[in-house]
Amino acid sequence: MRKRPLLWSFGVAVALMTQAAGAQQPATAAAAGETDALTDKARQLYEEGRQAAAAGKWADAHASFLAAWAIKPHYQIASNLGVTCLKLGRHREAAEYLARYLREAPASKVKERQSAEASLREALSKVASVTVQVAPAGAEVTVDGAARGKAPLTDPIFLEPGEHVIGARLDSHEPATQSIVAIAGRKETAVLQLKRTPAAGVVVQPGPAVLPPASGAVGSESRTRKALLLGGGIAAGAGVAAGVILTVMANARASEAEDKTDELLGKGYSESSCHGMTTPDCKDLRDTVYAKVDLSNAAFWSFVAGGALGAGTLVYGLVTRKPVEAAPGVRAAPLLGPSVAGLSLSGQF
């Protein structure tokens with residue numbers, strides 16, 4: 001006897017047909033009729049999905065469940081979507097739907113939750129689970145440029161094996177990114193700290209007039225300023241140079257990892273067969289990938305440090321620049337009166 005697929009259907013028809021207790025009455029009869037029609041359509045699609053799954057037609061079942069989900073995103077439909085995605089080899093989507101089911105399903109559904117947990121473990125063995133921490137809250141999180149929600153995210157992000165770029169963006173802040181090499185079955189954490197966009201310029205308000213310092217003090221202050229400017233410039237250049245060198249090394253590691261992957265494929269390995277294996281070839285490949293990630297992160301922070309030192313040195317140079325003194329001059333004005341006529345002179349001679 002062929003074993004029927006494990007799909008959960010308990011209470012879905014009731015959940016799709018019944019409104020929440022205490023909900024307000026529709027404003028018009030037309031609105032109520034439209035809601036009932038959508039509910040009926042979702043229930044119909046759900047039943048079609050169950051029948052297709054029972055017949056082993058997983059692609060048809062997935063299409064029906066997905067259409068029902070678009071109308072009624074109920075946790076029970078999420079569980080069925082997770083199972084069909086797992087059967088179709090869509091492990092990332094399966095993990096997303098099953099994680100949502102376990103987050104929303106009541107604790108009283110003990111057997112259903114146990115089945116969902118077992119399916120989720122199977123899906124997680126094929127993908128990487130990344131917990132994304134972003135500050136400040138409200139920033140939009142992206143994966144390879146595609147939006148995945150606002151921070152803080154409720155669930156981890158699930159990634160297919162390979163290299164991905166996780167980013168965050170928010171108005172009035174500089175965007176931040178982090179490269180991740182996703183390995184099947186592994187848990188990662190990405191931390192992104194967004195910084196406010198710097199002001200367009202620095203405005204220095206004129207202060208009260210003061211007596212000029214003694215010539216010795218002026219010379220000492222000038223030497224100190226030059227030393228700070230020179231030291232800041234050298235440090236900024238060193239940071240940028242280190243970033244360039246580390247980037248070149250990271251690229252070399254990435255090329256080396258590609259070569260090692262090709263060698264493994266030539267030996268009969270698949271792209272995911274190294275997961276959990278401790279053979280020298282697999283260990284060598286993992287070490288090379290980790291080294292590339294570390295070098296890339298070090299290069300990024302070297303560029304950040306060099307840029308910060310350069311910007312700070314520039315601002316210091318602008319703020320401490322000695323203002324140009326106005327050249328002395330003479331102002332002349334006519335002087336006329338009942339008993340006098342002449343020319344009034346003022347200013348410095």
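The values are calculated or read from the model by the stated rules, or taken from the named source; none is laboratory data. Because the structure is a prediction, the values reported are computed rather than measured. Ideal geometry is used to build each Cβ from the backbone, glycine not excepted, and the neighbour counts take in all protein chains shown. Note: accessible area is taken over every heavy atom of the protein model, side chains too, but ligands, DNA and RNA are not part of it. Shrake-Rupley method; radii C 1.70, N 1.55, O 1.52, S 1.80 Å.
Figure legend. Inter-residue proximity from region 45-63: first residues free of Cβ contacts under 8 Å to residues at least 24 places away in the same chain, second residues open to solvent by 60 Å² or more (accessible area, probe 1.4 Å), beta-carbon distance below 7 Å, spacing 6+ or different chains. Indicated pairs: ALA52/ASP60. Of all residue pairs spaced 6 or more apart or on separate chains, those with beta-carbon atoms under 6 Å, a first member in region 274-294 that is open to solvent by 80 Å² or more (accessible area, probe 1.4 Å) and a second member that is modelled with pLDDT of 70 or more and not basic (Lys, Arg) are HIS275/ALA184; HIS275/GLY185. If the condition is being open to solvent by 70 Å² or more (accessible area, probe 1.4 Å), assigned to a strand (DSSP E or B) and over 16 Å from ASP287 (Cα atoms), then region 153-186 contributes ARG169, GLU174, THR177.
When ALA137, ALA67 are screened for being touching a helix residue (DSSP H, G or I) at 6+ places or on another chain (Cβ under 8 Å), open to solvent by 20 Å² or more (accessible area, probe 1.4 Å) and aliphatic (A, V, I, L, M), only ALA67 passes.
Checking each residue in region 120-146 for being touching a Phe, Trp or Tyr at 6+ places or on another chain (Cβ under 9 Å) and either farther than 24 Å from THR84 by Cα or in a helix (DSSP H, G or I) (or both) picks out LEU120, ALA123, LEU124. Number of residues in region 295-317 that are within 22 Å of the chain's Cα centre (by Cα) and surrounded by 18 or more Cβ atoms within 10 Å (Cβ to Cβ): the value is 5. The number of residues in region 187-201 being closer than 26 Å to TYR101 by Cα and surrounded by 14 or more Cβ atoms within 10 Å (Cβ to Cβ) comes to 2.
Given the criteria modelled with pLDDT under 80, over 30 Å from ARG186 (Cβ atoms), loosely packed, with under 14 Cβ neighbours inside 10 Å and under 36 Å from the mean Cα position of the chain (by Cα), does VAL324 qualify? No, not satisfied. Filtering region 242-258 to residues that are out of contact with any helix residue (DSSP H, G or I) (no Cβ under 8 Å at 6 or more places or on another chain) and of a type in the set (Gly, Ala, Ser) leaves ALA252, SER255.
Answer with yes or no whether THR278 is at pLDDT below 80, farther than 30 Å from GLY89 by Cα and more than 29 Å from the chain's Cα centre (by Cα). In short, no. Here the condition is being under 13 Å from the mean Cα position of the chain (by Cα) and either at pLDDT 95 or above or among the hydrophobic types (A, V, I, L, M, F, W, C) (or both); of GLY149, GLY167, GLY145, it holds for GLY167 alone.
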